[in-house]
Amino acid sequence: MPRPGQRVPPVRRHWFYILLSLAERDRHGSAIMRDVLELTDGALRLWPVTLYGTLDELHEQRLIRALDRAPAEAGDDSARKRWFHITAAGRRALAAEVARLEGTLQVATRRLARGSAS
Amino acid sequence: MSLTLRAFRLALRVLPADLRAAHGAEMEALLVDELARARRPIERVSVRLGAFADLARRVPYEHWRRRGRPTLQPRVNRMPSVFADLRFALRASTRQPAATALVIATLALAVAANTAVFALVDAVFFRSLPYPHASRLVDLNEQAPKWNLEFVGITYYDFDQWQKNSRVFEGMAVWDGSAVNISDGTTATRVDGQMVSYDMARVLGITPVLGRTFTKDEHALHGARVVMLGYGMWQSRFAGAHDVIGKTLRIDSRPFTIVGVLPANVTLTEPTGFWLPLQLDAANERGNYSYEGIARLKPGVTIAQARNDLLRVQAPIWRQFDSTHTVSPRIMPLRDRFVADYRTVGAALGAGVVLVLIIACADIAGAMLARSIFRRREMGIRVALGASGWRVTRQLLTEALVLAAAAGVIGTVVGRLGIGLLTSGISDIPPWLHLGIDARAIAFSVLIVAATALVFGLAPALQFRRQDLTGSLVGGTRTSGSLPERRMLNALVVLEIALAAVLLASGGLLVRAYANLRDVDPGFRPDGVASFRLSVPDAKYKDGRDKRRFYETLIARIGRIPGVAHAGAVTCAPFSCHWGSFYQAEGTAPASTNAEDPVVLTRIASSDYFAAMGIKLLHGRFFGPNEGTPDGPRPAVINDLLAKRLWPTVDDPVGRRFTFRGDTSARDWMTVVGVVKDARHYGLTQPMRPGMYMSLTSIDSAHTFDRFAVVAQTTGDAASLFPALRAAVHELDPELPLFGVTTMQAALAQSMASRRAIALWLASFAAIALTLAVGGIYAVLSYVVGRRRHEIGIRMALGAQRGQVLGLVVRQGLRLVAIGLLLGVPAAFLASRALASLLVGVSGSDPLTYVGVIVVLTATGVAAALIPARRAAGVEPKIALGEGS
């Protein structure tokens, strides 16, 4: 949870899934796209312009940064691509969003339960 | 490289450069990857579509994002916020109903004036005549500068030559206004129409709604008696019956066969009740300049080319009859000929209403600006809550638009009524000048409304954007305007005063011109004079002698009507017609063809006409009863201008003789018995020409005058004579309709009606401008005083007197008035030059008017400043200081 008074940018859906993908491990663009497709069960497909546009935006907001070189474990093919890494601010923003979602989830669950009881 | 990739690379160029540089290659690579992954063709298609659609969707956002307004929502849902703006605007405007009503009323007034005047300006300047390809229609006429005539009329002989030999015209026709008596046996009515050459319908491009047009045979001398009915007459007299073709109509006591019905929109300058064929023999028509010409140019022919062609065709006529080219053809677009008289009027009124509109805009912009300064806090809160500057701007614009739209609707409706007012004042508007609210006028109103909303909505909005609104939250309730704001308010007031000065000066000059006009001596005494016109048909009254006898009997009868002091008749009463001829004095050679020889207005009058009209005698006497016979002697009364012209060195030309130019046979010499000063014949603003009167008793059988104006003078109310006058004519000949029944007072007023209307309209624009300017000064000073309460409180606490505080505020108001006048008076001076043709009898630099403008504006400026000034002087120092802390 973010500390009180700390500024945390609100997170949109694209941002959320990209941060979520990078929270697991560093990835390059194409891998983020694949991962998000998987995470959302094929519901959110990040097309090239939106993907890199959003990565650019996240970078601007200092929620992620680009790695200077690919990690050692990367294969030949992916080694030539640019890899991205989630920053501490990125993790905080993601955590805040998760907390918000949790709160919403609890309220929603309670309301649904009450709705079905009446 | 695949075609898809190449296309994608090209498409990526629409992205912001930095994004393309940073990630362009990766985007392409990703697309290549995805395409490689897709196995089935359908998948590859969907990848392609998806990638391009994504690009299209994202591009606007990427550009927008880079304009320094990072936002969390790439796609703004616009419609709901527009409704929110509207709702907010309605709420805001109902919160201050009085202020809102004032703004709407101000603007509605301006829109109404603009809509009404637009109809006139549109008709005069832009709308084409109601004929197909009307831009190719031209007016033909002849001019004779040596005779002092701009439009002489065309002789049928010249027309015939032009028609036969010119090459640039599709068709050419002449016409002459004509009025006839149409009778059904018991009563008769007077109907206006035209005599036309047979080609007229083809030249105008019209086809009859019923029957046919005239044939060439009917056009010849002594051709068949046929008539085409005007649409209006067909409706009113025959109830639009389709079996009128072939029926007979009694015109001037002769039967005519109806051959066709004209469509509704056909009008030359006069109403068209009928068309009759002009039945003339060109060879005998060389001296009679009676006809107006209309021609249709071949496509692509210019006026200049047509003029050259006419001059070429005129050359043989000049060689044969007119070696000095005294009379030459003139050609102009038909429209220009018809609307020329209304141009200055239209332009003056148009400029006037636009100024009113600008002043109204400035006024409202000022009011909105002053109000917005008090609303700074509200706007600050909205910005703090996340509204963007654009959002606040849009809301202010929406508010302005809501007010403007309300004003637009009201203004357009009022403007429709205004057209009636406008045209009732301006006389003789040609019937084809369609004046009304149509799609164009409504489009114009919408345009005005949008433009004004932009002007007075944007002014405060720009101010908002220029400053830090969040600062206003810290400032609490203090509503001190910033320097640029005060400057803008001041500039608006200065603009209003400058424009008001222009309108006041123009209105003032026109009113003075009109007032001068009323003082112009018309050359007769209009009080108690009733007049009407008659036309006696050739069929019943065979020659001049018969007609003379009829008129003499009628005048004698009218003279016996109780209450009638004098009765007389004249061929052309003042402000009605013109018939011109040329004369030479005894003992002088006829004017050489090269010399100036202004045309002389020639009238025939009965002996008592002069007494009935109260015409002023300078020398000699009027005609005695039965003075002069066809065989001589032939007395003449001439006006002072003709006396000067014929005998420049003689003071009193009574007893001298003169005759028609070039006709020195003993019979026609006329002897001057009196000299009169008939000052105005062609209208009070038009210069008089040399003129002369022949005695009615000297008319012989060869004279062809059939139309007279009969006047009767009474000591009582002239209009009360009308029934007795009608009865007198009816007793003599029940088939003769009276027309042009009026009093000379009314005729005089009618001749000034247009001037009066223009003066009145511009004066009312000036009054509106003045009211608005006063409102503007008041609003700004109220605001300034409100803002300076604290400072004034301190001054008063330090011992400033009430008078000093009053002076402080009034001085501030006067400074604005002074700057406004410095700009406005020179502008007014320039504007008066454009009005020159309307300013008869008053100089465009008339000092009295300008001094008046300065005095009026200064006085109203002081008055407008006094209320806020008194409020300031009434400030309790303690309270004002308490507020400020």
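The values are calculated or read from the model by the stated rules, or taken from the named source; none is laboratory data. For clarity, every value in this text was computed on a predicted model and none was experimentally measured. Neighbour counts are summed over all protein chains in view; Cβ atoms, including those assigned to glycine, are modelled from backbone coordinates with ideal geometry.
Out of the residues in segment B:284-332 that are assigned to a loop (DSSP other than H, G, I, E, B), in contact (Cβ under 8 Å) with a residue 24 or more places away in the chain and hydroxyl-bearing (Ser, Thr, Tyr), state the one that is farthest from B:Ala220 (Cα to Cα).
As a first pass, look at segment B:284-332 and keep what is assigned to a loop (DSSP other than H, G, I, E, B): B:285-288, B:298-302, B:322-327.
Imposing the further condition that a residue be in contact (Cβ under 8 Å) with a residue 24 or more places away in the chain reduces the set to B:285-288, B:298-299, B:301, B:322-324, B:326-327.
Restricting the remaining residues to those that are hydroxyl-bearing (Ser, Thr, Tyr) gives B:323-324, B:326.
On the way: B:Ser323: 30, B:Thr324: 32, B:Thr326: 29 Å.
Applying the filter and picking the extreme gives B:Thr324.
Take the residues of segment B:32-49 that are exposed (fewer than 13 other Cβ atoms within 10 Å of the Cβ) and within 18 Å of A:Ala31 (Cα to Cα): which is nearest to the other protein chains (Cβ to nearest Cβ)?
B:Arg37
Give B:Ala727, B:Ala719, B:Ala753 a once-over and let me know the one that is without any contact (Cβ under 8 Å) to a residue 40 or more places away in the chain and farther than 29 Å from B:Ala643 by Cβ. Can you show your working first?
Values: B:Ala719 fails: without any contact (Cβ under 8 Å) to a residue 40 or more places away in the chain; B:Ala753 fails: without any contact (Cβ under 8 Å) to a residue 40 or more places away in the chain.
From the options B:Ala727, B:Ala719, B:Ala753, the qualifying one is B:Ala727.
Would you check which residues across segment B:8-31 are without any contact (Cβ under 8 Å) to a residue 12 or more places away in the chain, part of a helix (DSSP H, G or I) and over 19 Å from A:His28 (Cβ atoms) and list them? Don't jump to the end; show me each part of the working.
Initially, segment B:8-31 is screened for residues without any contact (Cβ under 8 Å) to a residue 12 or more places away in the chain, giving B:10, B:13, B:17, B:20-23, B:25-26, B:29-30.
After this cut, where a residue has to be part of a helix (DSSP H, G or I) as well, the list is B:10, B:17, B:20-23, B:25-26, B:29-30.
Listed by number, the residues that qualify are B:Leu10, B:Ala17.
If you check B:Ala201 against the conditions, is it modelled with pLDDT of 85 or more, touching a Ser or Thr at 6+ places or on another chain (Cβ under 9 Å) and not in a strand (DSSP E or B)? Write out each step before concluding.
Working: modelled with pLDDT of 85 or more: yes; touching a Ser or Thr at 6+ places or on another chain (Cβ under 9 Å): yes; not in a strand (DSSP E or B): yes.
Against the criterion (modelled with pLDDT of 85 or more, touching a Ser or Thr at 6+ places or on another chain (Cβ under 9 Å) and not in a strand (DSSP E or B)), B:Ala201 qualifies.
Being without any contact (Cβ under 8 Å) to a residue 12 or more places away in the chain, in a helix (DSSP H, G or I) and more than 7 Å from every other protein chain (Cβ to nearest Cβ) is the filter here, so list the residues in segment A:38-58 that pass it.
Of everything in segment A:38-58, just one residue is without any contact (Cβ under 8 Å) to a residue 12 or more places away in the chain, in a helix (DSSP H, G or I) and more than 7 Å from every other protein chain (Cβ to nearest Cβ), namely A:Glu38.
State yes or no: is B:Leu86 assigned to a loop (DSSP other than H, G, I, E, B), at pLDDT below 85 and surrounded by 14 or more Cβ atoms within 10 Å (Cβ to Cβ)?
no
When you look at A:Trp83, is it more than 9 Å from every other protein chain (Cβ to nearest Cβ) and of a type in the set (Phe, Trp, Tyr), yes or no? Walk me through how you get there before you give the answer.
Numbers: more than 9 Å from every other protein chain (Cβ to nearest Cβ): yes; of a type in the set (Phe, Trp, Tyr): yes.
For A:Trp83, the condition - more than 9 Å from every other protein chain (Cβ to nearest Cβ) and of a type in the set (Phe, Trp, Tyr) - is met.
Please state which one of B:Ala29, B:Ala11 is over 16 Å from B:Arg58 (Cα atoms), at the interface with chain A (Cβ under 10 Å from one of its Cβ atoms) and at pLDDT 85 or above.
On the way: B:Ala11 fails: over 16 Å from B:Arg58 (Cα atoms).
When all the criteria are applied, what remains is B:Ala29.
Mind telling me which of the residues B:Gly507, B:Gly528, B:Gly481 ends up being modelled with pLDDT under 80 and surrounded by 14 or more Cβ atoms within 10 Å (Cβ to Cβ)? Talk me through it step by step, then tell me what you get.
Working: B:Gly507 fails: modelled with pLDDT under 80; B:Gly528 fails: modelled with pLDDT under 80.
After applying the criteria, what remains is B:Gly481.
Which condition number in (1) within 14 Å of chain B (Cβ to nearest Cβ); (2) at pLDDT below 90; (3) assigned to a loop (DSSP other than H, G, I, E, B) is the one that A:Asp68 fails?
The failed condition is (1).
Quick check on B:Ala108: is it surrounded by 22 or more Cβ atoms within 10 Å (Cβ to Cβ), in contact with a Phe, Trp or Tyr (Cβ under 8 Å, 6 or more places away or on another chain) and assigned by TED's automatic domain parsing to the domain that holds B:Ala365?
no
Within segment B:537-556, is there a residue that is closer than 14 Å to B:Gln713 by Cα, among the aliphatic types (A, V, I, L, M) and at pLDDT 85 or above? If you could, list the steps in order and put the result at the bottom.
Keep residues of segment B:537-556 that are closer than 14 Å to B:Gln713 by Cα, which gives B:555-556.
Still in the list and also among the aliphatic types (A, V, I, L, M): B:555-556.
If we keep only those that are at pLDDT 85 or above as well, we get B:555-556.
Within segment B:537-556 (the criterion being closer than 14 Å to B:Gln713 by Cα, among the aliphatic types (A, V, I, L, M) and at pLDDT 85 or above), the answer is yes, since at least one residue qualifies.
Please go through (1) over 27 Å from B:Leu534 (Cα atoms); (2) modelled with pLDDT under 90; (3) of a type in the set (D, E, K, R) for B:Arg212 and return the number of the only condition it doesn't satisfy.
(2)
Quick one: in segment B:4-15, which of the residues that are crowded, with 16+ Cβ neighbours inside 10 Å and not charged (D, E, K, R) is farthest from B:Arg48 (Cα to Cα)?
Here is the first cut: in segment B:4-15, the residues crowded, with 16+ Cβ neighbours inside 10 Å are B:4, B:8-9, B:12, B:15.
Next, only the ones that are not charged (D, E, K, R) stay: B:4, B:8, B:12, B:15.
Details: B:Thr4: 7, B:Phe8: 9, B:Leu12: 14, B:Leu15: 18 Å.
Checking each candidate, the answer is B:Leu15.
Determine if segment B:222-244 includes at least one residue that is at pLDDT below 85 and farther than 21 Å from B:Gly177 by Cβ. First the steps, then the outcome.
Taking segment B:222-244 first, the residues at pLDDT below 85 are B:222-223.
Okay, now just the ones that are also farther than 21 Å from B:Gly177 by Cβ, so B:222.
Yes, that holds for at least one residue.
What's the number of the condition B:Asp336 fails, among (1) over 30 Å from B:Ile303 (Cβ atoms); (2) at pLDDT 75 or above?
(1) is the only condition that B:Asp336 fails.
For segment B:14-26, what are the residues that are of a type in the set (Gly, Ala, Ser) and within 7 Å of another protein chain (Cβ to nearest Cβ)?
Here is the first cut: in segment B:14-26, the ones of a type in the set (Gly, Ala, Ser) are B:17, B:21-22, B:24-25.
Within segment B:14-26, B:Ala22 is the sole residue that qualifies.
Taking segment A:7-37, which residues are within 14 Å of chain B (Cβ to nearest Cβ), in a helix (DSSP H, G or I) and either aliphatic (A, V, I, L, M) or surrounded by fewer than 22 Cβ atoms within 10 Å (Cβ to Cβ) (or both)?
Here is the first cut: in segment A:7-37, the ones within 14 Å of chain B (Cβ to nearest Cβ) are A:7-16, A:18, A:27-37.
Right, trim to in a helix (DSSP H, G or I) and you get A:13-16, A:18, A:29-37.
Matches in segment A:7-37: A:Arg13, A:His14, A:Phe16, A:Ile18, A:Ser30, A:Ala31, A:Ile32, A:Met33, A:Arg34, A:Asp35, A:Val36, A:Leu37.
Which residues, taken from segment B:228-246, are assigned to a loop (DSSP other than H, G, I, E, B) and of a type outside the set (D, E, K, R)? Spell out how you get there, then give the answer.
Applying the first criterion (assigned to a loop (DSSP other than H, G, I, E, B)) to segment B:228-246 yields B:230, B:239-246.
Those that are assigned to a loop (DSSP other than H, G, I, E, B) and of a type outside the set (D, E, K, R): B:Gly230, B:Ala239, B:Gly240, B:Ala241, B:His242, B:Val244, B:Ile245, B:Gly246.
Among B:Asn490, B:Asn516, which is the only one that is assigned by TED's automatic domain parsing to the domain that holds B:Gly852 and out of contact with any helix residue (DSSP H, G or I) (no Cβ under 9 Å at 6 or more places or on another chain)?
Exactly one of B:Asn490, B:Asn516 is assigned by TED's automatic domain parsing to the domain that holds B:Gly852 and out of contact with any helix residue (DSSP H, G or I) (no Cβ under 9 Å at 6 or more places or on another chain), namely B:Asn516.
Read through the list (1) buried (at least 19 other Cβ atoms within 10 Å of the Cβ); (2) touching a Pro at 6+ places or on another chain (Cβ under 8 Å); (3) modelled with pLDDT of 80 or more, then give the number of the only condition that B:Ile699 fails.
Only one criterion is unmet by B:Ile699, namely (3).
Within segment B:50-64, how many residues turn out to be in contact with a helix residue (DSSP H, G or I) (Cβ under 8 Å, 6 or more places away or on another chain) and either among the polar types (S, T, N, Q) or more than 8 Å from every other protein chain (Cβ to nearest Cβ) (or both)?
At the first step, the residues of segment B:50-64 found to be in contact with a helix residue (DSSP H, G or I) (Cβ under 8 Å, 6 or more places away or on another chain) are B:51-52, B:54-55, B:57-59, B:61-62.
Then drop every residue that is not either among the polar types (S, T, N, Q) or more than 8 Å from every other protein chain (Cβ to nearest Cβ) (or both), which leaves B:52.
So the answer is 1.
Please specify each residue of segment B:567-582 satisfying the condition of being surrounded by fewer than 22 Cβ atoms within 10 Å (Cβ to Cβ) and not in a loop (DSSP other than H, G, I, E, B).
Selection gives B:Gly580, B:Ser581.
Among the candidates A:Ala108, A:Ala79, A:Ala70, A:Ala88, which residue alone is in contact (Cβ under 8 Å) with a residue 24 or more places away in the chain and either closer than 15 Å to A:Glu24 by Cα or aliphatic (A, V, I, L, M) (or both)? Steps first, answer last, please.
On the way: A:Ala108 fails: in contact (Cβ under 8 Å) with a residue 24 or more places away in the chain; A:Ala79 fails: in contact (Cβ under 8 Å) with a residue 24 or more places away in the chain; A:Ala88 fails: in contact (Cβ under 8 Å) with a residue 24 or more places away in the chain.
On inspection, the qualifying residue turns out to be A:Ala70.
When you scan segment B:645-662, do you find a residue that is under 23 Å from B:Asp538 (Cβ atoms), part of a loop (DSSP other than H, G, I, E, B) and not hydrophobic (A, V, I, L, M, F, W, C), even just one? Full working, then the answer.
First, pick out the residues of segment B:645-662 that are under 23 Å from B:Asp538 (Cβ atoms): none.
Looking through segment B:645-662, none of the residues is under 23 Å from B:Asp538 (Cβ atoms), part of a loop (DSSP other than H, G, I, E, B) and not hydrophobic (A, V, I, L, M, F, W, C).
B:Arg726 - would you say it is in a helix (DSSP H, G or I) and closer than 30 Å to B:Ala539 by Cα? Show your work before the answer.
Numbers: in a helix (DSSP H, G or I): yes; closer than 30 Å to B:Ala539 by Cα: yes.
Criteria met by B:Arg726.
Residues are listed down the side, and each one gets a yes or a no for (1) part of a helix (DSSP H, G or I); (2) basic (Lys, Arg):
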site: B:Asn114; (1), (2): yes, no
site: B:Tyr131; (1), (2): no, no
site: B:Lys146; (1), (2): yes, yes
site: B:Phe151; (1), (2): no, no
site: B:Asp158; (1), (2): yes, no
